[in-house]
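Beneath this line is the structure, given in C-alpha cells, with notes to follow.
Taken together, the values in this text are just the output of simple stated rules run on the coordinates, not laboratory data. These figures come from a predicted structure and were not determined experimentally. Cβ placement follows ideal geometry from the backbone for every residue including glycine, while neighbour counts extend to all protein chains displayed.
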Amino acid sequence: MTQPDTKWPWENLLSNENYAVTLSQTGQGHFLRYCGRTQRVSTKRLIYLRDIDSGQVWNVGWYPSGQKLDSFRCVFRPEALTVSSVANHIESVADVFVPTDFDGEVWQVSLANPSAQKRRLSLFFVAEWPSEIDDATSQNELLVGSNRKRPDETFFLGIDRPIDSFDCNRAAFYGAYNNGSCPVAITEGSCSRSVARGDSAVAVIQKNITLGASAKTRLTFFCGTTLDLNRVRVQKRQLTASGGVEKHRAAKELFVQSRIEKFAVMTPESTVNVALNTWLQHQASSAFAANDQERAEELTVQLAFGADIKQSLIDLFAEQNKDGYFGSSETQLDTLNLLIAYLKETGDMASLSENVSYRDGGSGSLLGHFIRGLDFTISSPYDGLIVKKIGDQSVLLVTPTAKFAYILREALPIIDRAGEHHLVSKYSEELKRIGESVRSRAWSNGRLAYGLFDGNVKLGGARTSRQTDAATQAWAIISGILTESKAKQSLQTAHKNLSTPFGVLNFSPPYQKPSPLEPEISQESPGTIQNGSITAETAWQMIWAATILGNGDRAFEYFQNINPLAKDKRLVPSSEPFVFPRSVFPPTHPRSGQTINGWGDLSCAKIFTTFIETVIGVQASLGGLRLKPCLPRSWREVEINRRFRGADYHIRILNPLRASSNIDRITVDGIRIAGNVIAPFLGGTHYVEVVLA
C-alpha cells in the first residue's frame, strides 16, 4: 500500500494461540482474542512524532493528525505489518508482530535523520485500551491497566529503555474534547505522568530522542494483555536482551512458513494460488470460535493444520450429559462431527476406549459418549426430522436433519471398526428413514423446503420469504439423502435462484418483516448478516455440494465469486482486498457488492479446508489419505503437499483429457495402487501421481 488514506482502513490479523489483534496501516484495529476471551473490541496503536524545536507534529501512520507525508508505504504479511513513512525530513519505520509465545505485540520503531542537521524529537507511543479499563498507572517500567471486575486481566505497554514520561488518564493526554489529531499533551510537549482511578484510561509512553546528522535509532515497544503480568516481565527481559526480538521474529517467520508448506498448492490459476498459499490459509489457520458453541468447529479447523486436539476433544465430550445431550443442537452435531474428523485425520481408534466423565455425573468410554450422542439425536426428531421449539410452535428443520444424516453416514465405518456391528444396521435403517421422510415431506418444485410446521406445512412456500435455502439444498446433497436426479435439481434450483456476481445468497427472498418462526434472523435488515445475504458459510457449503455431483466448474465458480483476489472481481472492497469476506451485500441492497471482513471467521476457514478436500480432493479417511479430485475441466495439472499421520505427500494431479473427477490411475512412489485411498506410511516423503480420464 502506498497511500494511507484508503476509503476504509485495511487491517491485518496478527495472532498466536492466546492473543489476536487486527491492526491497520493507520494503527486502528480490534482486539479479537485475549485472556481466554473472544470479544471484538476497538483499539488503536498510534505513533506521534513532535519536533521539539519547531513544534511540528505528525503520525508515522498519517492518522489521526492527517499531516501530509512525503512518502508512505505499508506492507502486509501473514506474520507482520510494516508501516514506513517520511515527513519533515525524518524517515520512520514501524514494524509489528505477535511472537508465538507472548501475550501481545512487539513493535520495533526505527527513526533516521538523513540530513546534516541535528534533530530533537519526542516520540509518543499510544495504546488505546477497552473502555472498561478504568484503573491504570506505571509499575516498574510498564504501564498497566485493569478493571476491578476482572482483576486478573491486565493490559500493558512497555519499552526497552527508561520511560521519559507517560500518561494513563485519557482526559489528561487528549484533553477535555478528546482531540486525537492534536492531543493536549503533545501540543504542550510533554505527558503529565497521569494515572487513572475510575477514569477512562489510555497508555502513552513518551521518549525524547536526539538524532545527529545521518543518525539512526530503533526503539522496541511491548503491548498486549495478560493473565500473568510476572510472566510478561520475564518475557520482556528476554526480548530486550541482545538479539531477543530478532530471535522471536525469526521463530514466528519459521512457524508461518512451516504452516504454509503443509498445504502448498499449485494450480493453473494464480489468484487461487495466492489465496490458498497465503491469505486464505492465514485466515483459516488463525480462525477461532466466536463463542462456546463454535468451539468444536474451531478444533476441526485446527485439526486440519496438524494441531494436537485430543485433550480438547475429550474436554468437549465431558460437557455431555448421560442422556447424550450437549446442551444445544448445534453443539451436538458439531461435536459428533469433530470426533469423526479426528479419527479420520489421526487414525487414533484407541482413543475410543478413553474414559471420559459426563457432565451430570459418572463416566464412560469416548465411544460410549459418541453412541449416546447419536442415539439422543435419533430419539429427538419427529418422524425423521429434527425438531426446534420456537415459542409454542414445533418446527421441523431440514438442514440440521441433513447434517445429522451426514454424520450418521460417516459414523458407520467407525462403529463397525469398533466392533459394534449391531449398531451399523440400526443406524443404516435410521439413515434410510431420514432420507425417505425428507424426500416425501419437504420436496416440491425442484427443491427442499428448509422446514415444516403444523405437521406438513412447508416453510418458504410461494410468495413467502426464504423460498430457496442454500444450506438446506447443500446439506441434503452432501449427506446423500436425495436421489441423484433430485440432487441435481436441487443444486440447479439453488444456483438459479441464489447465484449473484458476488457469490451465493444464503436464502431468498429475505424476510421483509419479523417472523415468529425465525425471530432472530428475520429481525435483521433484508440483505444483511444472515437475512438473505451472501456469506462465506454458504460459499463453502455450495462448493462442497457441487463437487459431490462432480461439477468442478461450478464449485470453482462459487469459490472465485467470493475470492477478493480474482481478476474479474466485481466486489466493492469495503475491507481488505486480499481477505475473504465474512459476508457481502447482495445486488438488491444499497451497499451492493461491499464486503464485511472475515478475520477470525470460521466460515472463511472452512472455504479453505473445503476447497482442499473437495476440489483438489485430498481427504483424510479412516483407511488413509483419500484422493477424490473434482477439478475445473480447464485445469490440466495441480500439485499439492500434504502432511498426514507423520508422512509427507507430494501429490501431482494430471488432467490431460479435461475431465473433472474420474480417476484413471494412481501411483505412489512409482507403484500403481488399487482404489483411491493411500494406506498410511509411518514417515518419509512420498510422491503420488493421479491421472484423470
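Taking the square roots of five times each eigenvalue of the Cα gyration tensor of the range 618-692, the equivalent ellipsoid has semi-axes of 21, 12, 11 Å, listed largest first.
Relative to the longest principal Cα axis of the chain, at what angle does helix 536-548 sit, 0 to 90 degrees, rounded to 10? Relative to the chain, helix 536-548 is tipped by roughly 40 degrees.
When you restrict to C-alpha pairs under 8 Å that are six or more residues apart and normalise by the size of the chain, the relative contact order lands at 9 percent.
From the residues THR667, CYS630, PRO680, which one has its Cα farthest along the dipole of the range 618-692 in the positive direction, the dipole being from +1 and -1 charges on Cβ of Lys/Arg and Asp/Glu about the Cα centre? Positive-end residue among those listed: CYS630. Per-residue Karplus couplings for the range 158-170, computed as 6.51 cos²θ - 1.76 cosθ + 1.60 with θ equal to phi - 60°, are listed in order as x, 9, 8, 8, x, 7, 7, 7, 7, 9, 10, 9, 4 Hz, Gly and Pro entered as x. Taking only Cα atoms, what is the 0 to 90° angle, nearest 10, from helix 295-304's long axis to the longest principal axis of the chain? The answer is roughly 90 degrees.
Exposure proxy shown here: for CYS630, CYS74, CYS35, the number of other Cβ atoms within 10 Å sets the order, fewest to most, as CYS35, CYS74, CYS630.
The order of the peptides 485-498, 669-682 by mean Cβ neighbours within 10 Å, most packed first, is 485-498, 669-682.
For the pairs LYS322/LYS513; LYS389/LYS513; LYS149/LYS403; LYS344/LYS488; LYS252/LYS628, flag any whose C-alpha to C-alpha distance is greater than 30 Å.
Details: LYS322/LYS513 41 Å; LYS389/LYS513 21 Å; LYS149/LYS403 41 Å; LYS344/LYS488 28 Å; LYS252/LYS628 34 Å.
Pairs exceeding the cut-off: LYS322/LYS513; LYS149/LYS403; LYS252/LYS628.
The spread of Cα positions in the range 557-693, taken along each principal axis and listed from longest to shortest, comes to 57, 33, 20 Å. In this calculation the C-beta distance from GLU132 to ASP664 is compared with R0 = 56 Å, giving a FRET efficiency of 0.35. Divide the volume of the convex hull around the Cα atoms of the range 1-135 by the residue count and you get 126 Å³ per residue.
Between GLN311 and GLN39, the modelled label-to-label distance comes to 2.6 nm, taking each label 7 Å out from Cα in the direction of the beta carbon. Each Cα pair under 8 Å and six or more residues apart adds its separation to the average, and for the range 115-185 the resulting relative contact order is 18 percent. Entry note, the chain: the mean residue ellipticity at 222 nm calculated from DSSP H runs of n ≥ 4, each adding -39500 (n - 2.57), is -9000 deg cm²/dmol after division by the residues and rounding to the nearest 500. Extents of the range 11-256, taken as max minus min of Cα coordinates on every principal axis and listed largest first, are 49, 45, 30 Å.
Counting only alpha carbon atoms, the long axis of helix 398-417 and the longest principal axis of the chain meet at about 80°.
Mean projected area of the Cα convex hull of the chain, taken over all directions, amounts to 33.0 nm². Across the range 339-345, rounded Karplus estimates of 3J(HN,Hα) from the backbone phi angles (6.51 cos²θ - 1.76 cosθ + 1.60, θ = phi - 60°) give 4, 4, 4, 4, 5, 5, 6 Hz, Gly and Pro being marked x. Legend: calculated FRET efficiency, LYS513 to THR100, from the Cβ-Cβ distance at R0 = 51 Å, rounded to 0.05, equals 0.55. The lysines within cross-link reach of LYS118, meaning a Cα-to-Cα straight distance under 24 Å and a gap of 8 or more places when in the same chain, are LYS68, LYS207, LYS216. With the simple model of a label 7 Å out from the Cα in the direction of the Cβ, THR483 to SER353 spans 4.6 nm. For SER525, the amide hydrogen comes within under 5 Å of no other amide hydrogen, counting only partners 5 or more places away or on other chains and with H modelled in the peptide plane. Loop-located trypsin sites (Lys or Arg not before Pro) in the range 101-132 (DSSP state not H, G, I, E or B) with no more than 16 neighbouring Cβ atoms inside 10 Å: LYS118. Couplings 3J(HN,Hα) for the range 450-457, derived from phi with the Karplus relation 6.51 cos²θ - 1.76 cosθ + 1.60 (θ = phi - 60°), are 6, x, 9, 9, 6, x, 10, 7 Hz, where x marks Gly and Pro. Going by a ≥ b ≥ c, the root eigenvalues of the Cα gyration tensor, does the range 128-256 fall in the rounded group (a/c under 1.5), the prolate group (a/b larger than b/c) or the oblate group? Oblate shape, in that a/c is at least 1.5 and b/c is the bigger or equal ratio.
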